[in-house]
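Down below is the structure, laid out as structure tokens.
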Amino acid sequence: MKDRGMVKWAPYKSLIEQEDFMGNMKQKKKRIDKPMNLQEKSEEINALLCTYHGQEVVISYYKDGYIEKISGTIDLIDTTYKFLLVNGDKLYLRNVIDIKD
């Protein structure tokens, strides 16, 4: 008789919905609250945007519980509605965490 080892302790997926539910639960555990920008960081972002001249930038921003990054050139800085247009994506300034050039 041969022992199956750790295979017998592997979780059993009896329902397809159970697998989807468990995957969603793992994703939800990784979510974070929106970080608050300090005054110095906000001033640094503002200074960089005021002196922006088409160089490549990397922008960190908050979206749906995760911090994501996008790199490229800023196509539009809209001060009225407070958003940036980067590679066709609209990023609101309230969600921007950091900009590096």
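Structural remarks
- Relative to the longest principal axis of the Cα atoms of the chain, helix 16-29 runs at roughly 40 degrees.
- Residues in the range 73-101 reached by a label modelled at residue 32 [backbone nitrogen below 20 Å; 7 Å Cα→Cβ]: 91-101
- With the largest listed first and rounded to whole Å, the semi-axes of the equivalent ellipsoid of the chain from the Cα gyration tensor are 44, 14, 14.
- Taking amide H as placed 1.01 Å from N in the peptide plane, the amide H of residue 92 sits under 5 Å from that of 84, each at least 5 places away or on another chain.
- Computed from phi, the 3J(HN,Hα) profile of the range 51-56 under the Karplus parametrisation 6.51, -1.76, 1.60 (θ = phi - 60°) reads 9, 6, 9, x, 7, 6 Hz, with x in place of Gly and Pro.
- Split the accessible area of the chain by element, probe 1.4 Å, and carbon with sulfur accounts for 55%.
- Legend: calculated FRET efficiency, residue 81 to residue 21, from the Cβ-Cβ distance at R0 = 30 Å, rounded to 0.05, equals 0.20.
- Interchain or long-range residues, amide H under 5 Å from residue 63's placed H: 68
- In sequence order, the range 31-40 has phi-based couplings of 5, 10, 6, 5, x, 8, 6, 6, 4, 5 Hz under the Karplus curve 6.51 cos²θ - 1.76 cosθ + 1.60, θ = phi - 60°, and Gly or Pro positions carry x.
The values are calculated or read from the model by the stated rules, or taken from the named source; none is laboratory data. The shown structure was predicted, so the numbers you read here are calculated from the model rather than taken from an experiment. Please note: Cβ atoms are built from the backbone with ideal geometry, for glycine as well, and neighbour counts cover all protein chains shown. Note: areas computed on protein heavy atoms with side chains; ligands, DNA, RNA excluded. Shrake-Rupley method; radii C 1.70, N 1.55, O 1.52, S 1.80 Å.
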